Amino acid sequence: MSVLEKPAAPAAAAPPQPPKRWKRHEVIAGYGFLTPWLIGFFGLTAVPMLASLYLSFTRYNLFGAPEWIGLDNYLLLFEDPQFRQAAKVTLMYAVIGTPLKLAAALAIAMLLNSKRRGQGFYRSVFYAPSLIGASVSIAIVWRALFIDDGIVDRIGSGVGLDWGGWIGNPSLVMPMFVLLTTWQFGAPMVIFLAGLKQVPNELYEAAAVDGAGRWRKFVSITLPMLSPVIFFNLLLEAIHSFQIFSSAFIISNGTGAPAGSSLFYTLYLYLRGFQDFRMGYASAMAWVLVLVVGALTFVMFKTSNAWVHYGGDER
Amino acid sequence: MISKKTLGSIAWHLGALAIAVVVLYPGAWMLLSAFKPTNQIVGSVSLIPHDASFDNFRTALNGIAGVSFWRFFLNSVILAVGAVVGTVLSASVTAYAFARIDFPGRKLWFALMIGTLLLPFHVVIIPQYIIFNNLGLVDTMVPLLIGKFLAAEAFFVFLMVQFMRGLPRELDEAAFLDGAGHVRIFRSITLPLMKPVLATASIFAFIWSWNDFFGPLLYLKNSDLYPLPVALRLFVDQTSTSDYGAQMAMAVLALAPVIIFFLVFQRYLIGGVATTGLKG
């Protein structure tokens with residue numbers, strides 16, 4: 001039930017066959033129905049992608065013509081301390097935030113995966129932050145919660161922790177954003193819940209007969225059976241975490257302050273591209289991100305054979 | 001004596017309730033702070049307002065920079081309704097092609113469509129901006145809406161393809177034998193059967209458009225055209241850190257339609273997330 005299976009099992013999973021004669025009206029109808037998407041694909045995705053690749057080798061400020069400068073943008077990137085800061089902040093966010101969020105999602109999905117009353121209610125409540133978490137409203141609330149003398153500060157003082165406002169403290173800004181993303185555990189939780197329902201109960205019963213405890217069942221049954229869903233969530237959430245923008249923009253007022261601790265990749269790209277109008281430079285940043293995401297996807301798919309368990313009837 | 005089963009049940013409910021309190025706290029705090037005087041907001045863990053009043057809402061509804069709140073609200077509605085209409089029309093047609101029509105290149109296009117799910121949007125925004133700028137469309141809503149009418153959001157196409165694959169084909173085949181073409185079959189058979197997935201897609205399209213900040217920030221310069229998130233940002237900028245009460249009131253007003261949608265349609269939303277395996 002996920003994207004991952006799609007390449008393997010699209011509707012026409014026919015065995016190899018001799019070159020087929022397409023029916024004329026099917027071809028016409030097919031491309032007729034596909035026309036809006038094709039226009040969008042070429043006009044809004046494919047052509048812009050090529051254009052941004054070209055721009056990444058130029059200096060361009062929206063006025064005048066792009067000036068070819070070869071690899072200069074890419075070389076400049078790696079000498080730019082702010083770029084390095086943005087890459088570091090975003091990577092840290094992805095590496096810490098994604099596993100935490102997924103761990104919370106899995107743990108709570110397992111808690112909810114029982115036939116108790118109220119299960120549906122809790123599922124809805126836990127899902128709600130996923131819908132509003134990236135909104136400007138919530139960013140404003142978060143800022144107010146974590147400001148100096150704000151609630152989180154007060155709670156900290158209450159238990160003897162003198163951490164002050166997290167907003168102004170470069171070393172506490174990252175935990176604040178990680179909490180914001182972890183708070184949105186609901187969407188992966190719903191996906192995990194759907195996955196957990198697919199695990200045959202007989203497996204647990206058989207394991208119980210063999211005397212397996214809870215932890216053993218979790219490691220030997222739940223995790224392997226759920227691994228395609230975990231894989232899928234990990235990939236999507238990691239890629240998603242590279243795109244954080246609104247909350248960083250609102251909380252730092254569009255600056256990435258303090259000390260660049262909230263200068264996320266997308267925010268920095270926005271500042272370079274749309275405030276300084278260094279569009280060639282920003283395009284190079286975009287392509288570095290594409291390469292990173294591409295490499296991450298590739299590595300995850302390559303290593304997935306080792307740890308992702310596909311049930312017998314799939315693949 | 002309390003049985004072990006009852007104890008387990010109590011523990012389960014306490015655990016779930018504790019998580020629910022943590023999850024709901026920020027939202028509840030926002031809502032109730034909107035009724036408090038500003039000096040009682042920051043640092044007040046207690047949710048209950050002492051001197052509850054609508055003053056903050058009055059300030060928020062006054063609008064910003066000579067533009068009324070309802071203008072921003074209307075802009076948000078225009079963008080969101082446009083997104084819903086465009087998405088429902090374009091994604092359903094595209095999904096029909098992928099799920100029901102047999103034509104050369106279908107697998108390739110489908111793979112490319114799935115690929116765009118993983119593509120970071122950063123790589124297209126700069127050329128898109130340049131194109132729309134050259135067409136004189138910056139500072140209009142066109143750049144924010146056109147993609148919706150061209151099925152640019154692969155999530156929706158994928159959602160509908162998944163749904164269509166679960167629909168029985170017998171009706172299509174019968175209609176085909178009666179001489180109906182794809183346009184007929186799509187309009188009179190498939191579309192009516194797709195109501196649940198169209199509902200799910202509409203709700204997501206509405207909420208995502210409603211919450212979108214990056215697009216309007218990029219393309220809209222004239223505050224008359226601002227939807228709520230950008231207006232909210234302007235508001236926060238202008239009141240600086242002083243008037244938390246009004247900020248919270250406006251944050252609440254900006255989120256209210258999303259919350260209402262969620263309360264009414266949560267079944268569709270959660271169903272959509274669970275069946276596609278894509279996040280909300």
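The set of residues in the stretch A:157-184 that are within 13 Å of another protein chain (Cβ to nearest Cβ), crowded, with 16+ Cβ neighbours inside 10 Å and part of a helix (DSSP H, G or I) comprises A:M176, A:L179, A:L180, A:T181, A:T182.
Restricting the search to the stretch A:131-154, which residues are among the charged types (D, E, K, R) and assigned to a helix (DSSP H, G or I)?
Within the stretch A:131-154, A:R143, A:D153, A:R154 meet the criteria.
So that you can scan it fast, the table gives a plain yes or no per residue for (1) over 29 Å from A:L235 (Cα atoms); (2) in contact with a Leu (Cβ under 7 Å, 6 or more places away or on another chain); (3) at the interface with chain A (Cβ under 9 Å from one of its Cβ atoms); (4) not acidic (D, E):
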site: B:S68; (1), (2), (3), (4): yes, no, no, yes
site: B:N75; (1), (2), (3), (4): yes, yes, no, yes
site: B:G86; (1), (2), (3), (4): no, yes, no, yes
site: B:F98; (1), (2), (3), (4): no, no, yes, yes
site: B:F103; (1), (2), (3), (4): yes, no, yes, yes
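Selection of the stretch B:32-50 for residues being at the interface with chain A (Cβ under 10 Å from one of its Cβ atoms) and within 19 Å of B:A256 (Cα to Cα) yields only B:S33.
The residues of the stretch B:194-219 that are surrounded by 20 or more Cβ atoms within 10 Å (Cβ to Cβ), over 9 Å from the mean Cα position of the chain (by Cα) and among the aromatic types (F, W, Y), listed by number, are B:F213, B:Y219.
Condition test on B:L177, is it under 30 Å from B:G66 (Cβ atoms) and not polar (S, T, N, Q)? In short, no. In the stretch A:185-216, what residues are among the aromatic types (F, W, Y), touching a residue at least 12 places away in the same chain (Cβ under 8 Å) and more than 11 Å from chain B (Cβ to nearest Cβ)? Within the stretch A:185-216, just A:Y204 meets the criteria. Based on this model, can you work out whether B:L117 counts as under 19 Å from the mean Cα position of the chain (by Cα), part of a helix (DSSP H, G or I), within 26 Å of B:L193 (Cβ to Cβ) and within 7 Å of another protein chain (Cβ to nearest Cβ)? Spelling it out, B:L117 is indeed under 19 Å from the mean Cα position of the chain (by Cα), part of a helix (DSSP H, G or I), within 26 Å of B:L193 (Cβ to Cβ) and within 7 Å of another protein chain (Cβ to nearest Cβ). For the stretch B:31-46, state whether one or more residues are of a type in the set (D, E, K, R) and surrounded by fewer than 18 Cβ atoms within 10 Å (Cβ to Cβ). Among the residues of the stretch B:31-46, not one is of a type in the set (D, E, K, R) and surrounded by fewer than 18 Cβ atoms within 10 Å (Cβ to Cβ), which makes the answer no.
Within the stretch B:256-280, the set of residues being modelled with pLDDT of 75 or more and either within 16 Å of A:V125 (Cβ to Cβ) or β-branched (V, I, T) (or both) comprises B:V258, B:I259, B:I260, B:F261, B:F262, B:L263, B:V264, B:F265, B:Q266, B:R267, B:L269, B:I270. Do we have A:F274 as out of contact with any Gly (no Cβ under 6 Å at 6 or more places or on another chain), over 30 Å from A:L226 (Cβ atoms) and not in a loop (DSSP other than H, G, I, E, B) here? The answer is yes for A:F274. Here the stretch A:49-62 is the region considered, the condition is being among the aliphatic types (A, V, I, L, M) and at pLDDT 95 or above, and the residue that is surrounded by the fewest Cβ atoms within 10 Å (Cβ to Cβ) is A:L50.
Per-residue answers, yes or no, for (1) in contact with a His (Cβ under 9 Å, 6 or more places away or on another chain); (2) aliphatic (A, V, I, L, M); (3) part of a loop (DSSP other than H, G, I, E, B); (4) over 30 Å from B:A34 (Cα atoms):
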residue: A:A46; (1), (2), (3), (4): no, yes, no, yes
residue: A:L76; (1), (2), (3), (4): no, yes, no, yes
residue: A:M92; (1), (2), (3), (4): no, yes, no, yes
residue: A:L106; (1), (2), (3), (4): no, yes, no, yes
residue: A:K115; (1), (2), (3), (4): no, no, yes, yes
residue: A:P129; (1), (2), (3), (4): no, no, no, no
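For the stretch A:245-266, taking the residues that are in a helix (DSSP H, G or I) and under 16 Å from the mean Cα position of the chain (by Cα), the one that is nearest to the other protein chains (Cβ to nearest Cβ) is identified as A:S246.
Here is the figure for the stretch B:139-185: residues that are assigned to a loop (DSSP other than H, G, I, E, B) and either surrounded by fewer than 16 Cβ atoms within 10 Å (Cβ to Cβ) or of a type in the set (S, T, Y) (or both) total 8.
Take the conditions closer than 20 Å to A:P175 by Cα and of a type in the set (A, V, I, L, M) and apply them to A:L75. Does it pass? Considered against the rule, which asks whether it is closer than 20 Å to A:P175 by Cα and of a type in the set (A, V, I, L, M), A:L75 comes out as no. When you scan the stretch B:120-151, how many residues do you find that are within 7 Å of chain A (Cβ to nearest Cβ), aliphatic (A, V, I, L, M) and touching a Phe, Trp or Tyr at 6+ places or on another chain (Cβ under 8 Å)? Final tally of qualifying residues: 3.
When A:A65, A:A46 are checked against the criterion of being surrounded by 15 or more Cβ atoms within 10 Å (Cβ to Cβ) and either farther than 17 Å from A:V292 by Cβ or of a type outside the set (F, W, Y) (or both), A:A46 stands alone in meeting it. Somewhere in the stretch B:223-232, is a residue hydroxyl-bearing (S, T, Y) and touching a strand residue (DSSP E or B) at 6+ places or on another chain (Cβ under 8 Å)? Within the stretch B:223-232, one or more residues are hydroxyl-bearing (S, T, Y) and touching a strand residue (DSSP E or B) at 6+ places or on another chain (Cβ under 8 Å).
Kindly provide the set of residues from the stretch A:52-74 that are within 14 Å of chain B (Cβ to nearest Cβ) and part of a loop (DSSP other than H, G, I, E, B), ordered by number. Those that are within 14 Å of chain B (Cβ to nearest Cβ) and part of a loop (DSSP other than H, G, I, E, B): A:S56, A:F57, A:Y60, A:N61, A:L62, A:F63, A:G64, A:A65, A:P66. Among the residues examined, B:I10 qualifies as of a type outside the set (S, T, Y), surrounded by fewer than 17 Cβ atoms within 10 Å (Cβ to Cβ), over 20 Å from A:S135 (Cβ atoms) and without any contact (Cβ under 8 Å) to a residue 12 or more places away in the chain. Residues in the stretch A:212-244 that are part of a loop (DSSP other than H, G, I, E, B) and crowded, with 19+ Cβ neighbours inside 10 Å: A:F242, A:I244.
The values are calculated or read from the model by the stated rules, or taken from the named source; none is laboratory data. These numbers come from a predicted model, not from an experiment. Every residue, glycine among them, receives a Cβ derived from its backbone with ideal geometry; neighbour counts consider all protein chains shown.
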